[in-house]
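One structure is given below, encoded as structure tokens.
The values are calculated or read from the model by the stated rules, or taken from the named source; none is laboratory data. Just so you know, these numbers come straight off a predicted model, no measurement behind them. A quick note on method: Cβ atoms are made from the backbone with ideal geometry, for glycine too, and the neighbour counts reach across all protein chains shown. Surface areas here come from the heavy atoms of the whole protein model, side chains and all, with no ligands, DNA or RNA. Shrake-Rupley method; radii C 1.70, N 1.55, O 1.52, S 1.80 Å.
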There are 2 protein chains.
Amino acid sequence: MKNNVTMRDIAKKLSVSTVTVSKALGDKEGVSEELKAKIKNLATEMNYRYNTTAKSMKDGLSYNIGVIIPERFTGVSQSFYLRIYQHISRLLENYGYYGILNILNSEDEEQLNLPRIYYEKKVDGIIVLGQVNKAYIDIIETMQLPKIFTDFYDEHADIDSVITDNFYGSYEITNYLIQNGHCEIAYVGNIHSTSSIQDRFLGYYKSLLEHNIPLNQLLILNDRDDKGIFIDIELPNPLPTAFVCNCDQVAYLLTEKLIENGFQIPQDCSIVGFDNDIYATLSSPPLTTVEVDIEQMANTSVNSIMEKIKNPDKRFGRVLVQGKIIYRDSVQALIGT
Amino acid sequence: MKNNVTMRDIAKKLSVSTVTVSKALGDKEGVSEELKAKIKNLATEMNYRYNTTAKSMKDGLSYNIGVIIPERFTGVSQSFYLRIYQHISRLLENYGYYGILNILNSEDEEQLNLPRIYYEKKVDGIIVLGQVNKAYIDIIETMQLPKIFTDFYDEHADIDSVITDNFYGSYEITNYLIQNGHCEIAYVGNIHSTSSIQDRFLGYYKSLLEHNIPLNQLLILNDRDDKGIFIDIELPNPLPTAFVCNCDQVAYLLTEKLIENGFQIPQDCSIVGFDNDIYATLSSPPLTTVEVDIEQMANTSVNSIMEKIKNPDKRFGRVLVQGKIIYRDSVQALIGT
DNA sequence: CTGAAAGCGCTTACAG
DNA sequence: CTGAAAGCGCTTACAG
């Protein structure tokens, strides 16, 4: 079962040195083509497998990247971050790197315990996927290795982050509603909850400002408590003609609630979401929404972290990844537009 | 930025040998308590981090486990395997191990390319999560390291696998329908598609047999083509009183279709699913279904692979993980039961 | 073109 | 209780 063929074994059989075997297998200069071929053949014949650990040892590099996801984003109905991780993991392979997932449980976050992968030098860099609390951000900053925040950022932090352009996406989709004749538009989301929700709100607000529509405080609807648990959304009376929801899941819940109350979507009011996740197509009618470019977020995160491993002084700041509007059936053009 | 404090650095400062430092930090015998404390203090003070790679080198162990998921199970609406991976990853940490995710893309599966983590000795064992094709199973078997199949098995393979007790779960939930007075019960699923669907069908069949209900071929309904793509389900006429669906997603789709056709669930017919995934609660009414014990599957997989790393000759065979019925509102008790 | 020597950071015998 | 030596499997720099 155990397969412990090393370069030395190959070398012995061919009466050459391990240096020569290393050069041959690594396609380096300084070995005759003939010998090189011979070595390569014997290697495959002997089922030789390269030992990355030895290389790691020499280079002082683990060739692993840690991906930290706070536990609370890994619930049954949330696969967004796992999905990004999946892409990260795949993209890392192009660099000869591998991704180690680390779910940060709430206890460790509370007690400010850094993950073991850090203390064991298991990783050369860390991607933090999903907002952690302030105190934890501070302790992350003390880690002496390259790090990237993905899908959130911190004002005080001198840390590079990769985020969706929430502001602009929300701005654009609100513009789209206004172009369709809407001017009573509610925003659904707890604007003190996360930076994403807040930024999406501000994009919505900018759109209103540009179109001289006054911001109506009664049309800012709360969707969750401070722990992020969804609460029942209070419908304003009278109803606005459209709702900008901070995410598809909330748009889905709102749709259900409106239908229960006898309203028809989009005839009686229009609804837009954000994310383009599973809830966007589960909603009926399917949601017009802003698609978050998961692939690109993973891509930027990976490229940035690799860059920082090569050059630790490299700074990226906040990198915005543009989303795009997906048009479906939840928006009604108002007559006379 | 670079932190390259080694045991040697600590040793030098204290004018002792690295051996002593190693013993102290590892809480081994043979260092005075006093010196041990001194070393430990200096270590934290100097921000020393243990280098796992060196240990890997010595032990010939990477302390990583590869988790291979075929690409086709990682679509937008499928987070089941990612979820199991998440648990695996967490459980591995108790052993000082880490999980490396490897999405097996269809091309590599077709061309029988083994993952790079194998050729680079990046992992000490492999968990294959989700059914791969026959030819690929064969090549997996040639890999010279411990391996476990999770959520599928192969008749010919002399490989250990951890699977949900599909047969028994389906048997039980069909029994439940019969206890509620149903005797015209359809099964929904392509019974030639995967071993899970097939086994669930057989559990359903066993329940019918035990209750002397003849199997009606017209009530075996196809839900997907040979590539696993969902197809429109043809409703039998007359409708049976209940449907046993091979998974929640199909139960969800079926529910929608029946409602479109003017039927009420569960008044006009009952529906049960399998998995207890997001679709079970998304369905309206929410589904009575068999919950797959994800945690336990991950747990068994991890324990087994660790056992096999210690003892490569260990065999487990097929390990069944029991599910449990979750009772919700999609089943109607027939009058006169 | 080929190889002897040294080193990456630890640990495991073994000796004192 | 403490440490010198050897080794895990490679690669780099240097010498021939």
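The set of residues in the stretch B:234-252 being surrounded by fewer than 20 Cβ atoms within 10 Å (Cβ to Cβ) and aliphatic (A, V, I, L, M) consists of B:235, B:239.
Could you please find all residues in the stretch A:261-279 being within 13 Å of another protein chain (Cβ to nearest Cβ), outside any loop (DSSP other than H, G, I, E, B) and in contact with a Phe, Trp or Tyr (Cβ under 8 Å, 6 or more places away or on another chain)?
A:275, A:279, listed by residue number.
Being of a type in the set (Gly, Ala, Ser), at pLDDT 95 or above and either buried (at least 19 other Cβ atoms within 10 Å of the Cβ) or in a loop (DSSP other than H, G, I, E, B) (or both) narrows it down to one residue among B:30, B:66, B:96; which is it?
Checking each option against the conditions leaves just B:66.
Report, by residue number, each residue of the stretch A:299-323 that is within 12 Å of chain B (Cβ to nearest Cβ) and either within 16 Å of the chain's Cα centre (by Cα) or crowded, with 24+ Cβ neighbours inside 10 Å (or both). Within the stretch A:299-323, no residue meets the criteria. Scanning the stretch B:85-117 for residues that are away from chain A (no Cβ under 11 Å) and closer than 28 Å to residue A:280 by Cα turns up just one, B:106.
Applying the criterion of being within 14 Å of another protein chain (Cβ to nearest Cβ) and over 19 Å from residue B:244 (Cβ atoms) to the residues of the stretch B:285-298, the residue that is most open to solvent (accessible area, probe 1.4 Å) is B:295.
Checked against the criterion of being modelled with pLDDT of 95 or more and outside any helix (DSSP H, G or I), the stretch B:202-212 has at least one qualifying residue.
Residues in the stretch B:33-65 that are away from DNA strand D (no atom under 16 Å from the Cβ) and more than 9 Å from chain A (Cβ to nearest Cβ): B:44, B:45, B:46, B:48, B:65.
The set of residues in the stretch A:16-27 that are crowded, with 16+ Cβ neighbours inside 10 Å and more than 10 Å from DNA strand C (Cβ to nearest atom) contains only A:25. Would you check if residue A:126 is out of contact with any Ser or Thr (no Cβ under 7 Å at 6 or more places or on another chain), away from chain B (no Cβ under 11 Å) and assigned to a strand (DSSP E or B)? Here the answer is yes, as residue A:126 does meet what is asked. Residues in the stretch A:28-62 that are within 41 Å of the chain's Cα centre (by Cα), away from DNA strand C (no atom under 11 Å from the Cβ) and farther than 14 Å from residue A:7 by Cβ: 1 in all.
With respect to residue A:6, determine if the residue is without any contact (Cβ under 8 Å) to a residue 12 or more places away in the chain and either within 11 Å of chain B (Cβ to nearest Cβ) or more than 11 Å from DNA strand C (Cβ to nearest atom) (or both). No: the conditions fail for residue A:6.
Consider the stretch A:69-84 and keep the residues that are open to solvent by 40 Å² or more (accessible area, probe 1.4 Å), touching a helix residue (DSSP H, G or I) at 6+ places or on another chain (Cβ under 7 Å) and assigned to a helix (DSSP H, G or I). The one that is nearest to the other protein chains (Cβ to nearest Cβ) is A:71.
Sub-6 Å Cβ pairs linking a first residue in the stretch A:315-335 that is without any contact (Cβ under 8 Å) to a residue 60 or more places away in the chain to a second residue that is part of a loop (DSSP other than H, G, I, E, B), at least 6 apart or interchain, are A:326/A:276; A:328/A:286; A:328/A:287, ordered by first then second residue.
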